[in-house]
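Colleague: The structure is given below, and queries will be raised subsequently.
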Amino acid sequence: MNEPEQFRSEVRAWLEANCPESMRHPYRSEADICWGGRNWEFQSDDQREWLRRMAEKGWTTPSWPVQYGGGGLGREHAKILKQELKRINARPPIYSFGIAMIGPALLKYGSEELKMQHLPQIVRGEIRWVQGYSEPNAGSDLASLQAGAVDMGDHYIVNGSKIWTSYGDQGDWMFALIRTDAEAPKHQGISLILFDMKTPGITTRPILLISGKSPFTETFFENTRMEKNQVVGEPSQGWTIAKYLLTHEREMIGETGNLQSGVQLLSRVAVKKQGLDNGRLSNPVLRTDIARFEIDEVCHRLTMERARDEAQAGASLGPAASMFKYYGTELNKRRHELLMSVNSHDALVWEGAESNDGQLPRRWLRTKGNSIEGGTSEIQLNIVAKRILGLPG
Ligand SMILES: Cc1cc2nc3c(=O)[nH]c(=O)nc-3n(C[C@H](O)[C@H](O)[C@H](O)COP(=O)(O)OP(=O)(O)OC[C@H]3O[C@@H](n4cnc5c(N)ncnc54)[C@H](O)[C@@H]3O)c2cc1C
């Protein structure tokens, strides 16, 4: 047996012995998604054990270096691990903005001290990170942000606010963009700073959403102390790092187009709700729409896989992340529109429509935000036009 196949059989055996049976099914509710962190209440012993075992192997972050707790796997081995996890329908042991966003930025730009302090905790899911980028007047035009710092020598005193902070009230630490040089041109006076959400002077206020649930907060800083040794990269040089982090965020969001279980679910529900006619879905319009969706979904997944193969393991996809973010979020919206259609009038009540978790209308409404979060679709198209197609700005 060649080396990769040897690795595959080791992975298979390890998963067989270590992935609890209850972690081999799609999510049934929001609480099945493990976010980790200081305040996380595990849903079950299996959920806790699955995270612990995967983290111990470094497989929550397969391609991160071993010295930071990662799996140290090369591209081929990381892909094998992914395939084997998929083969048994294993749930991701954790969802984490630490793994998807600040971790890659630290790996590329962080000092050794910051890496050693934060990366192993991210791998183990001990700290839940939140993102403090947007402000009331700085969304698409992010570099207009105003949350500002006064330099106090070894630390800053920060005042201002952030908006649309997802899970701001549940996070342990924030990575935030703060203006640390008010005199510099707007892209040059910004630092990426890490801080504990328990720091005095930080408050959060929920923002209610159309879906009835609110993972959103506004975050306020009032004379909040932020340490200079928690600045990622050089002070006031954070813009490049902020953009690099965004490419990882966009890649993560682009993945919402890749839920293969979503395709299976769609076909299953369509057959159940609409019935068959000569072995084919009885409603010809829905049949065509679902077939088109499935083809587009496969194309998106394969193209994303190819782009990842071409990029170095763990490296950013660069501007291509904008393409996948744009198309993946359109697919996720279409998937949920179709699920609503096949459920017909059953989808008109909050609970009762057929889906993985019985929460379809809320999920459908939530997808509307996919093409806004992480940068709107218009902004992604601008990036594709300029940086991929080379069109004049
Ligand atoms: C579900 C969700 C989760 C989020 N989570 C977070 C989070 O955790 N942390 C965080 O910091 N932020 C978060 N955000 C905020 C998000 O990043 C911003 O909403 C987004 O960047 C858009 O900014 P804005 O809302 O200020 O809209 P604006 O920038 O005011 O845009 C308004 C409209 O104008 C269009 N527009 C603006 N500029 C241009 C242009 N140059 N060319 C073409 N069209 C343009 C936009 O496309 C949009 O349609 C989240 C948003 C959502 C919806």
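Colleague: Can you pull out the trypsin sites (Lys or Arg not before Pro) in the stretch 343-374 whose DSSP state is coil and whose Cβ has at most 11 other Cβ atoms within 10 Å?
Modeller: Here no trypsin sites (Lys or Arg not before Pro) fit, given the DSSP loop and packing criteria.
Colleague: Summing -39500 (n - 2.57) over the DSSP H runs of n ≥ 4 in the chain and dividing by its residue number, what mean residue ellipticity at 222 nm do you reach, to the nearest 500 deg cm²/dmol?
Modeller: -13000 deg cm²/dmol
Colleague: A further question on this structure: As an exercise, identify the GluC sites (Glu not before Pro) in the stretch 1-56 lying in DSSP coil whose Cβ has no more than 11 other Cβ atoms within 10 Å.
Modeller: Loop-located and lightly packed - GLU41.
Colleague: Compute the length gained on full extension between MET152 and HIS345: take 0.36 nm times their separation in residues and subtract their Cα-Cα distance, giving the result in nm to one decimal.
Modeller: Using 0.36 nm per residue and subtracting the Cα-Cα distance, I get 63.4 nm.
Colleague: What do you get for the angle between helix 75-87 and the principal long axis of the chain? Use alpha-carbon atoms, 0 to 90 degrees, nearest ten.
Modeller: Approximately 50 degrees, to the nearest 10.
Colleague: Eigenvalues of the Cα gyration tensor times 5, then square-rooted: what semi-axes does that give for the chain, in whole angstrom, largest first?
Modeller: Over the Cα atoms of the chain, the semi-axes work out to 35, 26, 21 Å.
Colleague: Which GluC sites (Glu not before Pro) in the stretch 176-263 pass both tests, a DSSP loop state and at most 15 other beta-carbon atoms within 10 Å? Before the final figure, lay out each step's value.
Modeller: Numbers: sites: GLU183, GLU218, GLU222, GLU227, GLU249, GLU251, GLU255; in loops: GLU183.
Those satisfying the criteria are GLU183.
Colleague: Could you name the lysines whose alpha carbon sits less than 16 Å from that of LYS228, not counting residues in the same chain fewer than 8 places away?
Modeller: Qualifying lysines at Cα under 16 Å: LYS115.
Colleague: For LYS386, go through the aspartates and glutamates and keep the ones whose alpha-carbon is under 16 Å away, minus same-chain ones fewer than eight residues off.
Modeller: Those aspartates and glutamates meeting the cut-off are GLU378.
Colleague: Which lysines have a Cα less than 16 Å from the Cα of LYS368, not counting those fewer than 8 places away in the same chain?
Modeller: Leaving aside lysines fewer than 8 places away in the same chain, those within reach of LYS368 are LYS213, LYS325, LYS333.
Colleague: So what is the relative contact order for the stretch 126-255, in percent, with contacts set as C-alpha pairs under 8 Å and at least six apart?
Modeller: RCO, the stretch 126-255: 27 percent.
Colleague: Give, as ranges by residue number, the residues of the stretch 92-115 whose backbone N falls under 18 Å from the point 7 Å along Cα→Cβ of HIS187.
Modeller: none
Colleague: With a 10 Å cut-off between alpha carbons and a GNM built on the chain, which of LEU106, LEU265, LEU177 moves the most?
Modeller: Its mean-square fluctuation being the largest, the pick is LEU265.
Colleague: Another one. Remind me, relative contact order of the chain in percent, using alpha carbon pairs under 8 angstrom and six or more residues apart?
Modeller: 14 percent
Colleague: Enter the angle in degrees (range 0 to 90, nearest 10) between the Cα long axis of helix 284-310 and the first principal axis of the Cα atoms of the chain, meaning the one along which they spread out most.
Modeller: It is inclined by approximately 50 degrees.
Colleague: A further question on this structure: Sorted from fewest to most neighbouring beta carbons within 10 Å, what does the list THR303, THR247 look like?
Modeller: Least crowded to most crowded, the residues run THR303, THR247.
Colleague: For helix 239-254, what angle does its Cα long axis make with the longest principal axis of the chain, in degrees from 0 to 90 and rounded to 10?
Modeller: 10 degrees
Read-outs: derived from the displayed coordinates by stated rules, not from any lab. All values derive from a computational prediction rather than experimental measurement. Methodologically, a virtual Cβ is constructed for each residue, glycine included, from the backbone with ideal geometry; neighbour enumeration extends over all protein chains shown.
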